[in-house]
Structures are given as C-alpha cells and as structure tokens.
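The values are calculated or read from the model by the stated rules, or taken from the named source; none is laboratory data. Worth saying up front: this structure is predicted, and the values here are computed from it rather than measured. For neighbour counting, all protein chains shown are included, and Cβ atoms are generated from backbone atoms with ideal geometry for every residue, glycine included. Remember, those area values only see protein heavy atoms, side chains included, never the ligands or the DNA or RNA. Shrake-Rupley method; radii C 1.70, N 1.55, O 1.52, S 1.80 Å.
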Amino acid sequence: MFRKPVERVIQGDRAGICITQFDPKLLERGLVATPGALPTLFAAIISVKKIAYYKAKCMTKAKFHISLGHATVMAKVSFFGLSSADGSTEKLSAVDFSQDYLHQDELIDGKPTQGEDALSIPAVQFALLEFEHPVTCVKDSIVIGSRLDADIHLNTCRLAFYGRILKAISTKNYAETLLPSLKVYKNKTREGIAERAQDEFTVISRSLFKKESNLEGFVGLKVVLSSGEEGVIEGGFGQSGKFKVRVSNGLKPETLAQLSVKKRSKSKAAEAAKDDVDVSVEKQPIAIILSFKRYVYDPHKKMMQN
C-alpha cells in the first residue's frame, strides 16, 4: 500500500495525509479522531488508588506529574473520599454531584493502621486534577500520577497513584461554573464557654465568636454543652461577641446550679480564708460545642449541619 492512495483508514493503520497550505514545522505531534472523541481538558475528576511501593505521602494541594493520553503535565491534586456508609460504592463510573464527599488531607492507602477504625477508611477515593496546561485525551483515560522530579539515583518508586477519569472538565472557568456543585466538605468544630444561666432554658455564652462577627449566619445552629444538654443558638447578647443558647429541654439541676453561682470577690475570698472557711474548688467551665461541615468549593462558605 506504500505510496498508493486509499479511500479510508481505520484505527491502527499508518497513513500519510496531505494537508494543503499547512506548514508541517508548526506541528510536533497531533491526533486525528472523530469530532468530540478527544476533548481538551483543563481539569478532571478521577477515581484514585495509591501505589503500594510509593512510600512518601500524597498530600492535597501538592503538584504531581500526571500522565494521560500521549502527554505528561503538571497538575495540582485535591483528594476526597466516599465511605460505604455515605453511599453506594459499587462500580462507580461517574461522579455523583448530589452526593456528599469527605475532604482528605492526603491519599490513604486503604489499610487501617493499628488502633484505627476500619470504618474511618474511605471505601472509594477520588482526586480533582487541575492541570497547569490543557491536555487532550480520551474521556475515560487511565491516569498515572508520579514525582518525576525525584532523585533517580535513590532506590525508591516514583509512581505515586493511578486511576481513571470519571469526569472530564473541558471548560476553562470550571472553578466558577462546575466546582461549586461538587459537594466536598470538611468537618469543623468551634468551642465556647457557658458564662451564666439567664434561666433554666437560656444560657449566656462567650468565646465562640469574635466581637466583630456577624451572628446572623449562626442563628438556629445546634450546639452541645459539655454537661450533655443540647441547644440552639438564639442570637447575640450585647456587643462583645456573647450569645444566647436556648436549651429546649431545660438545663440539668447540677448544670443550672453551677451556672447560677456568682463569683466571689477577691476580698470576700480572702476574708473567708482568714476565718478558716472552706472555699470549694472551682469546677471546670462548661463548654459550648458547635459542630458543622463546610463545603470546600462553596463560594458563600455556608455552614451546614445534619
């Protein structure tokens, strides 16, 4: 078939194609495919597994060499996971944007360490790859992440993880259009102090917010007292960052007693000591614990509770 014209070529054939008015010096390597079969990607979401022989940590926001298609490009990597308790993990072939995913600081090798709960290990792990340069490849390409800048003289594996593309992202402004719908969350906890009981259902608290904080976004959020009661943030109290907690079932008698005791002045405490009066040891303050989750890609940074 050499130097003979043919009517068609198929996958696997080698062919010389004459393109008129085109300077071949402008093209180093190209791809010929059915229109739409090879999208140009600015980012991608992949299923991911760590390579056992890679001993270093794969951290979120780190940069890796990503090999896919016929190219190797640098990309920033962000890991997140899905446990079997959060949703089905059988034969995932796409990313479910209605599902909540837990943010991970690093890629986990899938084996619980000694003393670690197996349920804390995600059943499926994913990675968001944000490429430094656009790359053209098949939508479901196999992906290999590596650290090719590591010292080649060291006896270590440079291949870090592998996976397959589940979501090819071909829009340049994906950070504004697509990522806000990806529900990757972090668990957050804040802790304040119960200062005093206004009545058996209301607690005045402090040290959870700054003086200049706007408390409107926190009203209605559930909190837990370290003494066991559950309550809801009712609103601010004064101008110093204090707030009210409404305990609908009422405070326990011992909690109410502790929060109702007024502190003695130093002079009275000194007088009591002189008169050999027993001064009871001050109890630990009662903490107000606010637990919530915040979505990583939410531009409004809203706080959510189950």
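Note on TYR297 and ASN214: the model spin-label points, each 7 Å out from Cα along the C-beta direction, lie 2.6 nm apart. Magnitude of the charge dipole for the chain, about its Cα centre and with charges confined to Cβ atoms of Lys, Arg (+1) and Asp, Glu (-1), is about 720 debye. Accessible surface area normalised per residue over the chain is 69 Å², counting heavy atoms of protein chains with a 1.4 Å rolling probe.
Of GLN284, GLN258, GLN239, the residue with the greatest mean-square motion in the GNM of the chain, using alpha carbon springs below 10 Å, is GLN284.
Phi angles of the range 54-70 translate, via the Karplus equation with coefficients 6.51, -1.76, 1.60 and θ = phi - 60°, into HN-Hα couplings of 8, 8, 6, 7, 9, 9, 4, 6, 7, 9, 10, 7, 10, 9, 7, x, 10 Hz per residue; Gly and Pro are given as x. Between amide H atoms placed 1.01 Å from N, distances below 5 Å from GLY241 occur with no residue 5 or more places distant or on a separate chain. Put simply, the amide H of TYR297, placed in the peptide plane, has neighbours under 5 Å in VAL184, leaving out anything fewer than 5 places away on its chain. Which of (i) 28.2; (ii) 15.2; (iii) 47.0 is the computed mean projected area of the Cα convex hull in nm² for the structure on display? So the calculated entry is the one marked (i). If R0 is taken as 25 Å, the Cβ-Cβ distance between GLU254 and ASN306 corresponds to a FRET efficiency of 0.30.
Local charge for CYS137 was computed over the other residues whose Cβ lies under 14 Å away, with Lys and Arg +1 and Asp and Glu -1, and equals +3. Nonpolar atom fraction for the chain, defined as the carbon and sulfur part of the 1.4 Å probe accessible area, stands at 51 percent. Counting 0.36 nm for each residue step from CYS157 to ILE19 and taking away their Cα separation leaves a gain of 45.3 nm.
Extension gain for MET59-LYS283 works out to 76.4 nm (0.36 nm per residue, less the C-alpha to C-alpha distance). Between HIS70 and LEU221, what FRET efficiency comes out of the Förster formula 1/(1 + (r/R0)^6) with R0 = 45 Å and r the beta carbon distance, rounded to 0.05? Approximately 0.35, to the nearest 0.05.
Extension gain, ARG8 to ASN187, is 58.7 nm, computed as 0.36 nm per intervening residue step minus the present C-alpha separation.
The residue among PHE42, VAL247, CYS18 whose Cα reaches farthest toward the positive pole of the charge dipole of the chain, with charges on the beta-carbon of Lys, Arg, Asp and Glu, is CYS18.
Largest GNM mean-square fluctuation among ALA287, ALA44, ALA127, using the chain with Cα springs under 10 Å: ALA287. Within a Cβ distance under 9 Å of LYS293, other residues only, what is the Lys/Arg minus Asp/Glu net charge? In short, +2.
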